[in-house]
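Working notes, beginning with the structure itself.
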Amino acid sequence: MTHAPTIKLTIGTDPELVILNRDGVPINVADYASRTAPFGADGHIYLAELRPGPGVTPLDLCNNVRATLQMAGELGAAGLSWYAGPWIADKPMGGHIHFGTPLTDEIQRTLDTFGSFILPFIEPADQARIRRTTRFRSHTGWIADRPYGLVGDFREKPHGFEWRTPSSFIVNPGMTLAMFALAKALVYEELVQGPCAVANLSPKILNKVSVDPEDIHQAKRESLEPYLPVWWQVINSLTYFSRGHEGRNLNGVLQYLRNTVIPRGGFNTVHDLKKVWKISAPNGATPPRTVRTVLNEVLEVDDLTNVIRFWQGGGGNTEPERPNTNNTTTRVANFANAVRDDLWATYTIEATHPEVTWTDWNAALNTWGAERIGAETVIPV
């Protein structure tokens, strides 16, 4: 009997965000936070940087991000809003991911080839294009020698290395978890020399996903889209997500990218991070939330239009038509089954909402699905 190799690979991150006042103007973060704090000022005075502790699993690191955001909860009491994304208020933001292993040519190639390829599909294209084609001018007049987040942007570190091409993806817990899982899975494949390590892939497959970096910088989705099926073929075959490996329960985040983020045209950057990460000010604890409240918050942050279209068998972005009453029970059950596991994993409900049990979550999804399509009864758990 063969056993899966055990590889302990730590991952970390130091994503950037911008903090806006009530008038939508970026504040000088150095007035509120030190340059060395876990939630601190970046080298640029108008950018904040998170410095959570590293983790072994993507969920560990995602929880560390939330804990670090919570450290700065007092900033929310001053009427300030926090935003992440590629380019907000004329500020470029990075979502750097760190790995506790040395950078090799093979690891760099797999992240450049498979990691960078998907960014134009999951980031908002207009913001991503500006970030990777504009030389940033700082408040002091200094101009960067090249745009921020180009393909091939790595830095070696004492602990290993950081990958600097992604933009700040911490727009919600689901997107954050998905990026950590995808990035770790690609590096993990090289460390265990799985079938999708670059040395083990056929030249034919590599050629089908080896694209012009400028198409990524310009976010030319129409040029890259023909290569997307091959990309998914490789990603779905990564060892990390297979049985017996650490990421075996994280396949849901891949479906979140495929069924929600990509069809929607990239992740949404319009929500205040305090709201989507459930960050409370220290002057009072957040009151307990019922499972239905949690579900409503999730649906408000990431509406399920694309999931509903799949479930309903329809198209467009309008409210789905009421289905045949005879099929209502089946449709509700199908809907609940389609999104229950995905949302539970994507929004790390168990970790971020300990008051919500799996049974309550399942019942709430059935109720919500029934209401959405006009059902007269609720499916029992």
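The values are calculated or read from the model by the stated rules, or taken from the named source; none is laboratory data. No experiment lies behind these values; they were computed from the predicted model shown. Here the Cβ is made from the backbone with ideal geometry for all residues, glycine too, and neighbour counts use every protein chain on show.
Going through region 150-176 one residue at a time, which ones are part of a loop (DSSP other than H, G, I, E, B) and acidic (Asp, Glu)?
153 - this is the single residue of region 150-176 that is part of a loop (DSSP other than H, G, I, E, B) and acidic (Asp, Glu).
Looking at 206, 191, can you tell me which residue is at pLDDT 95 or above and not polar (S, T, N, Q)? Step through it out loud before you land on a result.
Working: 206 fails: at pLDDT 95 or above.
Of the residues listed, the single one that is at pLDDT 95 or above and not polar (S, T, N, Q) is 191.
Residues in region 221-237 that are closer than 17 Å to residue 177 by Cα and either crowded, with 19+ Cβ neighbours inside 10 Å or at pLDDT below 95 (or both): 235 only.
For region 104-138, the candidate set comprises residues that are in contact with a helix residue (DSSP H, G or I) (Cβ under 9 Å, 6 or more places away or on another chain) and among the polar types (S, T, N, Q); within that set, the residue that is surrounded by the most Cβ atoms within 10 Å (Cβ to Cβ) is 110.
Taking into account only those residues within region 81-99 that are on the phi < 0 side of the Ramachandran plot and among the hydrophobic types (A, V, I, L, M, F, W, C), which is surrounded by the most Cβ atoms within 10 Å (Cβ to Cβ)?
Here is the first cut: in region 81-99, the ones on the phi < 0 side of the Ramachandran plot are 81-84, 86-88, 91-99.
Restricting the remaining residues to those that are among the hydrophobic types (A, V, I, L, M, F, W, C) gives 82, 84, 87-88, 93, 97, 99.
Numbers: 82: 24, 84: 26, 87: 25, 88: 22, 93: 29, 97: 26, 99: 26.
Result: 93.
If you check 194, 265 for being in the same structural domain as residue 69 (by TED's automatic domain parsing), surrounded by 14 or more Cβ atoms within 10 Å (Cβ to Cβ) and in a loop (DSSP other than H, G, I, E, B), only one passes: 194.
Could we say that residue 130 is over 15 Å from the mean Cα position of the chain (by Cα), farther than 25 Å from residue 57 by Cα and not charged (D, E, K, R) here?
Numbers: over 15 Å from the mean Cα position of the chain (by Cα): yes; farther than 25 Å from residue 57 by Cα: yes; not charged (D, E, K, R): yes.
Judged against the criteria, residue 130 is a match.
Within region 219-241, if we keep just the residues that are in a loop (DSSP other than H, G, I, E, B) and in contact with a helix residue (DSSP H, G or I) (Cβ under 6 Å, 6 or more places away or on another chain), the residue that is farthest from residue 122 (Cα to Cα) turns out to be 238.
Looking at region 65-76, is at least one residue within 15 Å of the chain's Cα centre (by Cα), buried (at least 17 other Cβ atoms within 10 Å of the Cβ), basic (Lys, Arg) and assigned by TED's automatic domain parsing to the domain that holds residue 37? Yes: region 65-76 contains one or more residues that are within 15 Å of the chain's Cα centre (by Cα), buried (at least 17 other Cβ atoms within 10 Å of the Cβ), basic (Lys, Arg) and assigned by TED's automatic domain parsing to the domain that holds residue 37.
Checking 182, 201 one by one, the residue that is surrounded by fewer than 24 Cβ atoms within 10 Å (Cβ to Cβ) and not polar (S, T, N, Q) is 201 and no other.
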